[in-house]
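> Next up is a structure, given as structure tokens.
Computed from the coordinates by the stated procedures, all read-outs in this text should not be read as laboratory data. All of these numbers come straight from a predicted model, not from anything done at the bench. Neighbour counts run over all protein chains shown; Cβ positions are idealised from the backbone, glycine included.
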Amino acid sequence: KRKIIIDCDPGHDDAIAILLAAGTPQIELVGITTVAGNAEVEKTTRNALKVCEIAGIHDVPVMKGCGQPMVRKRETAADIHGDSGMDGPVLPEPTRQVENEHAVDFIIRKLLESDGDITLVPVGPLTNIAMAMRREPAILPKIQEIVLMGGGTFGNWTPAAEFNIFVDAEAAKVVFESGVPITMMGLDLTHQALATYEVADRIAQIDNPAGKFVSELLVFFRKTYLEVFGFEHPPVHDVCSVAYCIDPSVVETRKLRVDIETRGELTYGMTVVDVGGVTGREPNVNVAMKLDHAKFWNMVTAALQHFS
Ligand code: BDR
Ligand code: CA
């Protein structure tokens, strides 16, 4: 079993990422930590609890994390995810509670207690991960791998920057320069993870609350992705990171040098990917390039069928 901690800001695609992890037997979901991103951290935390409740995930702790980026002012993505951060499906208020431990403390504790066999899966801004690295550098050699969603060779929030990196580029800089093995699911890859009509139909036929929930998520996500970006089908970015943890052969990657821009007037939050190898610097990131779309959606539908 591969042990992972999902650090997230649910978020339509974050929610599906949680379900893929919890519904796949080869994954041990050690915890779900939340961060401000698509919405304020109070909202993303409530959404994470709601996801657990609807799917009957009772044994995975949920910890609230940082509510503000390290340096910048907070920015959210209500255009894409609605005011709640997860608009669309109408879910009951969660009865489950968040744990008392802070997300950053949880990440540090679990890593220090581990045998170096935990993978971090950040699918929101990187604030919690960077804070944990700064607070307790002894965690660095304990992290097996970081499989993050963020960045790419183009942007979706500015022409140069992807949302997760843009929201806390200083945090991203800490993480990308940490020396920990990183696999990056950037927009080049995640824009291939499209929930086509055929996919949506398959999910609509899954007869359990998790399947119904994802169907409703996709209806809302399709609408905003069409309105805001003109996409015919919504890309479920964050799910790619979990899919890679289950079976790395679902994506093709290239080892490249990636640095984070934190000073550019037009390029703040850009992941500068040295595709041509012009810097001659040591590659630090496994950059995901190509997705096996059929294999990917088979994983997701299998996981959703797993819930009762
Ligand atoms: C990323 O931004 C968020 O809105 C999504 O959940 C995903 O993590 C895509 O740029
Ligand atoms: Ca996210």
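> I'm checking my understanding of the structure. Among residues of segment 112-134 that are part of a loop (DSSP other than H, G, I, E, B) and either without any contact (Cβ under 8 Å) to a residue 12 or more places away in the chain or at positive phi (or both), which one is farthest from the chain's Cα centre (by Cα)?
Checking each candidate, the answer is ASP115.
> Of everything in segment 278-308, what is under 16 Å from GLU177 (Cα atoms) and in contact with a strand residue (DSSP E or B) (Cβ under 9 Å, 6 or more places away or on another chain)? Give them in sequence order.
Passing the criteria: THR279, ARG281, PRO283, ASN284, VAL285, ASN286, VAL287.
> It is to be established whether one or more residues within segment 170-183 are crowded, with 18+ Cβ neighbours inside 10 Å, under 14 Å from HIS233 (Cβ atoms) and under 20 Å from the mean Cα position of the chain (by Cα).
no
Conditions (1) in contact with a Phe, Trp or Tyr (Cβ under 7 Å, 6 or more places away or on another chain); (2) without any contact (Cβ under 8 Å) to a residue 24 or more places away in the chain; (3) surrounded by fewer than 17 Cβ atoms within 10 Å (Cβ to Cβ), marked per residue:
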position	(1), (2), (3)
TYR197	no, no, yes
ASN208	yes, no, yes
PHE213	no, no, no
PHE220	no, no, no
TYR225	yes, no, no
CYS240	no, no, no
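Here's the yes/no breakdown for (1) touching a Cys at 6+ places or on another chain (Cβ under 7 Å); (2) on the phi < 0 side of the Ramachandran plot; (3) of a type in the set (S, T, N, Q):
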position: SER249; (1), (2), (3): no, yes, yes
position: LYS255; (1), (2), (3): no, yes, no
position: LEU266; (1), (2), (3): no, yes, no
position: GLY277; (1), (2), (3): no, no, no
position: ARG281; (1), (2), (3): no, yes, no
position: PHE296; (1), (2), (3): no, yes, no
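> Right, here's the next one. Can you tell me which of THR33, THR44 is part of a helix (DSSP H, G or I), within 14 Å of ligand 2 (Cβ to nearest atom) and within 21 Å of VAL175 (Cβ to Cβ)?
THR44
> Would you confirm, using the coordinates I've provided, whether GLU252 is acidic (Asp, Glu) and either under 30 Å from GLY56 (Cβ atoms) or in a helix (DSSP H, G or I) (or both)?
The answer is no for GLU252.
> Would you point out which residue out of PHE154, PHE163 is within 12 Å of ligand 1 (Cβ to nearest atom) and surrounded by fewer than 24 Cβ atoms within 10 Å (Cβ to Cβ)?
PHE154
> Test ASP79 against the criterion of being within 14 Å of ligand 1 (Cβ to nearest atom), touching a residue at least 24 places away in the same chain (Cβ under 8 Å), closer than 30 Å to ASP207 by Cβ and acidic (Asp, Glu), and give yes or no.
So ASP79 does not fit the description; no.
> Report, by residue number, each residue of segment 177-219 that is part of a loop (DSSP other than H, G, I, E, B) and within 15 Å of ligand 1 (Cβ to nearest atom).
GLY186, HIS191, GLN192, ALA193, ALA195
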